[in-house]
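J.: Structure below; questions to follow.
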Amino acid sequence: MSLRIERLSTLLVSKHIRPTLQRRIIAMVLLDISTASSVESIHARANKIDSTLSLSTSYRTLKLFERAGLVARTEAMRGNWFYEPTFRDLIEHNGEDFAVTGHSQLEQRCQDAGVRLSSQRRLLLKLLSEAEDHPDAEELCGRACVLDPNLSISTVYRSLKAFEEARIVQRHDFGDGRNRYEVFADEHHDHLVDSVTGEITEFHDASLEDLKQALAQKLGYRLCYNRLVLYGHRVTSTKAQP
């Protein structure tokens with residue numbers, strides 16, 4: 001597998017899109033076009049690579065990419081829609097590795113902490129650094145197995161334990177019976193959990209952080225670490241609800 005295709009696969013997985021062969025072909029075609037192109041034009045190019053690709057699959061794939069923010073859609077004459085990629089710089093920027101900055105920093109932190117990094121652990125680090133949610137071990141394993149089918153859930157659990165002990169990742173219990181993980185952020189943030197949908201929102205409030213420090217000092221402590229999780233349900237109006 002070429003480096004370009006590997007980067008495309010990693011990008012799709014980070015957007016929770018299964019990187020099937022036909023989806024990767026369409027993504028490669030998008031990378032190669034110089035101007036916004038119609039669905040029919042993109043499909044024609046992709047169909048030359050895989051003759052089994054149907055026009056309806058190309059339509060669905062481009063809509064999927066659009067929802068994930070991977071393509072921009074513009075309307076041309078006679079109501080035709082044209083698409084162009086928004087991810088070219090992520091794949092091809094001066095030959096550097098995809099998402100190299102955050103990923104390489106995590107690898108360096110692992111090395112500094114004495115955590116041995118296998119290729120599978122590097123893959124898990126990459127997926128964790130790119131995650132926009134808080135995956136549990138099973139979810140992380142499912143995403144990683146798309147790229148490495150030989151990865152086992154036991155390896156994921158052992159790797160997460162090693163990352164947690166080295167303070168590379170943080171484990172959360174949001175009350176749903178699952179341990180969820182995220183990379184330690186440079187800036188502290190707290191979490192709000194929707195008690196109905198389970199949606200998790202990260203937030204940071206400087207005045208709240210000042211209040212935490214003041215409360216600790218009032219009780220005779222110096223605050224060295226804190227974790228706050230709020231639970232609530234979305235209100236339907238601006239008026240306070242009981």
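J.: How high is the relative contact order of the chain, given as a whole-number percent (alpha carbon pairs under 8 Å, six or more residues apart)?
T.: So the answer I get is 12 percent.
J.: What does the helix-only formula give at 222 nm for the chain: each DSSP H stretch with n ≥ 4 adding -39500 (n - 2.57), the total divided by the residues, and the result rounded to the nearest 500 deg cm²/dmol?
T.: The helix-only estimate for the chain comes to -14500 deg cm²/dmol at 222 nm.
J.: Next up: By the scheme Lys and Arg +1, Asp and Glu -1, what is the net charge of all other residues having a beta-carbon under 12 Å from that of Ala137?
T.: +2
J.: Positive end of the charge dipole of the range 190-232 (Lys, Arg +1 and Asp, Glu -1 on Cβ, about the Cα centre): tell me which of Gly232, Thr197, Ala214 has its Cα farthest that way.
T.: After comparing all options, I get Ala214.
J.: Another question about this same structure. Given that just one value was derived from the coordinates, which of (1) 20.2; (2) 18.8; (3) 20.9 is Kirkwood radius over Cα pairs in Å?
T.: After the calculation, the listed value that fits is (3).
J.: For Lys63, give me every one of the lysines with a C-alpha distance below 18 angstrom, ignoring sequence neighbours fewer than eight places off in its own chain.
T.: Lys15
J.: Still on this structure, please answer the following. Quick one: which residues, 5 or more positions from Ser38 or on another chain, have an amide H under 5 Å from its amide H? H modelled 1.01 Å from N in the peptide plane, none for Pro or chain starts.
T.: Residues meeting the criterion, in which the H sits 1.01 Å from N, are Tyr83.
J.: Among the chymotrypsin sites (Phe, Trp or Tyr not before Pro) in the range 147-228, which ones are in a DSSP loop with at most 14 other Cβ atoms within 10 Å of the Cβ? Mind listing them?
T.: When the chymotrypsin sites (Phe, Trp or Tyr not before Pro) of the range 147-228 are filtered for loop state and at most 14 Cβ neighbours within 10 Å, Phe184, Tyr221, Tyr225 remain.
J.: OK, next. If you take the charge dipole of the range 1-90 about its Cα centre, with +1 on Lys and Arg Cβ and -1 on Asp and Glu Cβ, which of Ser51, Asn80, Pro19 is farthest toward its positive end?
T.: Positive-most Cα among the choices belongs to Pro19.
J.: Can you list residues from other chains, or at least 5 along the same chain, whose modelled amide H is less than 5 Å from the amide H of Val71?
T.: Hits under the 5 Å cutoff: Glu66, Thr86.
FYI, it's all coordinate maths here, none of it is from the lab. Please read all numbers here as calculations on a predicted model, not as lab measurements. Note: ideal-geometry Cβ built from the backbone for every residue, glycine included; neighbour counts use all protein chains shown.
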